[in-house]
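The values are calculated or read from the model by the stated rules, or taken from the named source; none is laboratory data. Keep in mind the model is a prediction, meaning the values are calculated, not measured. Note that each Cβ is placed from the backbone with ideal geometry, even for glycine, and that neighbours are counted across all protein chains shown.
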Amino acid sequence: MSLDKNSKLIIFLTFCILLFSCTTLKVTKREADTGYFPTFMKATIIHSKKTNLDQYNQLALVPEDDFSLGMLKEIGYFDTVVNFAGLEQLIIENNLLDKIGTVSNIPGINKAAKTYKNFLWVNWRVELRNNKQYLQLALVDASTMEDLFISETTSGTQLPIFNDQENYYPLMNSLLDYISENSPTYSISD
Amino acid sequence: MFFISYNSVSKFLAVASCLLLSACVSVMKDTSPDPNTGLFPTMFGSEVITNKRSDIDSKKQLLLVEVFHNGGSNYFDTRNVTDYHIKQLRKLNYFDEIYTLKDLELSIINNGLSDEITSLDNPLAISRAAKNYKPFLWLTIEIDMLPGPSAGNRKLTLIDPTTLEKLLIVEAHPNQWGVIATSDEAVRFPLYNALIEYIRQNSKGFK
């Protein structure tokens, strides 16, 4: 099979892109000088409510994946970061099994916040709008189920394919900004 | 890609047909452990991810077995698979009784505890059953159906429901030989054997 010059160039460029491609859901350290996660992109802030976040900084609930758990721990603001399995274990350790039925649905999570300890719930949302997929990071006050903070980035296409450098890290950086603006005790560069 | 030659295709076909032809390949076949070793016959191993010591003898009166698919759960019925796993696990002769989730629900109703224990569809409810009904062990087998390098992996998890602590997590990777193998020898027996080893380490009475 003989290829013309253009085809060879296209194949070469494809290999370059594959070799230097972005990462997906890789837990990383914050950069030492800026305190942010390494990316050049910025997320769009959809909703941001002024509040004193220090009333909730004891506990954060994250989805059942290692990435969310690792990144929230790396932010270093919350005393304890748990996923759903971790919250279930905390409930059993504190003898609240008979009071809290389940944390597998929204009323159950709300009940856990009221009965056990108030916490912030971090979750991801995916939305199709104007023929583009958007990935949102939302921070929810579990005792009222009110959204405190929502930011978003887009995949640029109709496909929900997101990566760290364009989507996950900018969203995490916007969360860092929100925490430092609303907490009297936290600063990003510490 | 351009680089897949006829040579590599024929090599793949040769390996695949060898696997199909060889006598050891079976899918969900009724097999007993080898009387000499007490283990299920397989040349495949498994990866132990978590192994925590625990007094399992006090909970051996009942084992709850749950099988689920990670992805594609609407399309695949797990009842036959669950029945097969229960039949094989009975051959360990360690657990007094082995239940499915439905068996446990019926047993709770028959013991007049349905007011205290509601739907067993989440971990906290199963924990409440262990506390209010009777102590037991909870075993889940998770089949990865999501496309990607982990497709076809099986994960066995043994959980103490009173604390929801994961005592044993073992994974079987059928893709480790470059061929997706779903035979008992590749994905089921290695998990049973890891469970047998765990029981040997943690039980006083088990042979």
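Looking across segment B:139-165, the residues that are of a type outside the set (S, T, N, Q), within 14 Å of the chain's Cα centre (by Cα) and within 13 Å of chain A (Cβ to nearest Cβ) come down to B:Glu142, B:Ile159. Given the structure, is A:Asn118 among the polar types (S, T, N, Q), touching a residue at least 12 places away in the same chain (Cβ under 8 Å), assigned to a helix (DSSP H, G or I) and away from chain B (no Cβ under 14 Å)? No, not satisfied. Here A:Leu97, A:Leu90 are screened, and the one residue that is farther than 30 Å from A:Thr44 by Cβ, assigned to a helix (DSSP H, G or I) and within 14 Å of chain B (Cβ to nearest Cβ) is A:Leu90.
For A:Gly156, state whether it is in a loop (DSSP other than H, G, I, E, B) and either of a type in the set (Gly, Ala, Ser) or more than 18 Å from A:Lys49 (Cα to Cα) (or both). The answer is yes for A:Gly156.
Considering segment B:69-118, the residues that are touching a Pro at 6+ places or on another chain (Cβ under 9 Å) and surrounded by fewer than 16 Cβ atoms within 10 Å (Cβ to Cβ) include one that is nearest to A:Asp98 (Cα to Cα), namely B:Gly71. Taking (1) at pLDDT 95 or above; (2) more than 17 Å from the chain's Cα centre (by Cα) in turn, A:Ile150 satisfies each apart from (2).
A:Glu127 - would you say it is assigned to a helix (DSSP H, G or I) and charged (D, E, K, R)? It would help to see each step written out before you state the result.
On the way: assigned to a helix (DSSP H, G or I): no; charged (D, E, K, R): yes.
Judged against the criteria, A:Glu127 is not a match.
Yes/no per residue for (1) in contact (Cβ under 8 Å) with a residue 40 or more places away in the chain; (2) in contact with a helix residue (DSSP H, G or I) (Cβ under 7 Å, 6 or more places away or on another chain); (3) within 30 Å of B:Ala130 (Cα to Cα):
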| site | (1), (2), (3) |
| --- | --- |
| A:Lys29 | yes, yes, no |
| A:Gly70 | yes, no, no |
| A:Ile100 | no, yes, yes |
| A:Lys111 | no, no, yes |
| A:Glu127 | no, no, no |
| A:Gln133 | no, no, no |
| A:Val140 | no, no, no |
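Of all residues in segment B:95-123, those that are within 14 Å of chain A (Cβ to nearest Cβ) have Cβ atoms under 6 Å from Cβ atoms of residues that are of a type outside the set (A, V, I, L, M, F, W, C) and not in a helix (DSSP H, G or I), 6 or more apart or on another chain, in B:Leu113/B:Tyr133; B:Asn122/A:Thr102; B:Asn122/A:Ser104. Name the residue that is nearest to A:Asn57 (Cα to Cα), counting only residues in segment A:72-87 that are more than 14 Å from every other protein chain (Cβ to nearest Cβ) and within 15 Å of the chain's Cα centre (by Cα). Ranking the candidates gives A:Phe78 first.
Of everything listed in (1) within 14 Å of another protein chain (Cβ to nearest Cβ); (2) out of contact with any helix residue (DSSP H, G or I) (no Cβ under 7 Å at 6 or more places or on another chain); (3) among the basic types (Lys, Arg); (4) more than 29 Å from A:Ser180 (Cα to Cα), the single unmet condition for A:Lys5 is (1). Is there a residue in segment A:117-140 that is surrounded by 17 or more Cβ atoms within 10 Å (Cβ to Cβ), closer than 21 Å to A:Leu53 by Cα and in contact with a Gly (Cβ under 8 Å, 6 or more places away or on another chain)? Looking for residues that are surrounded by 17 or more Cβ atoms within 10 Å (Cβ to Cβ), closer than 21 Å to A:Leu53 by Cα and in contact with a Gly (Cβ under 8 Å, 6 or more places away or on another chain), one finds none in segment A:117-140, hence no. Residue-level check: of (1) in contact (Cβ under 8 Å) with a residue 60 or more places away in the chain; (2) within 14 Å of chain B (Cβ to nearest Cβ), A:Pro170 misses just (2). Within segment A:100-112, being more than 9 Å from chain B (Cβ to nearest Cβ) and buried (at least 16 other Cβ atoms within 10 Å of the Cβ) holds for A:Ile109, A:Asn110, A:Lys111, A:Ala112.
Does B:Ile159 count as under 21 Å from A:Ile92 (Cβ atoms), assigned to a strand (DSSP E or B) and out of contact with any helix residue (DSSP H, G or I) (no Cβ under 7 Å at 6 or more places or on another chain)? Yes: the conditions hold for B:Ile159.
Looking at the structure I just gave you, is A:Leu69 under 21 Å from B:Lys166 (Cβ atoms), surrounded by 13 or more Cβ atoms within 10 Å (Cβ to Cβ) and more than 12 Å from chain B (Cβ to nearest Cβ)? Can you show your working first?
Numbers: under 21 Å from B:Lys166 (Cβ atoms): yes; surrounded by 13 or more Cβ atoms within 10 Å (Cβ to Cβ): yes; more than 12 Å from chain B (Cβ to nearest Cβ): yes.
Judged against the criteria, A:Leu69 is a match.
Yes/no per residue for (1) of a type in the set (Ser, Thr, Tyr); (2) modelled with pLDDT of 95 or more:
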residue	(1), (2)
B:Tyr84	yes, no
B:Lys91	no, no
B:Leu146	no, no
B:Pro149	no, no
B:Asn153	no, no
B:Asp160	no, yes
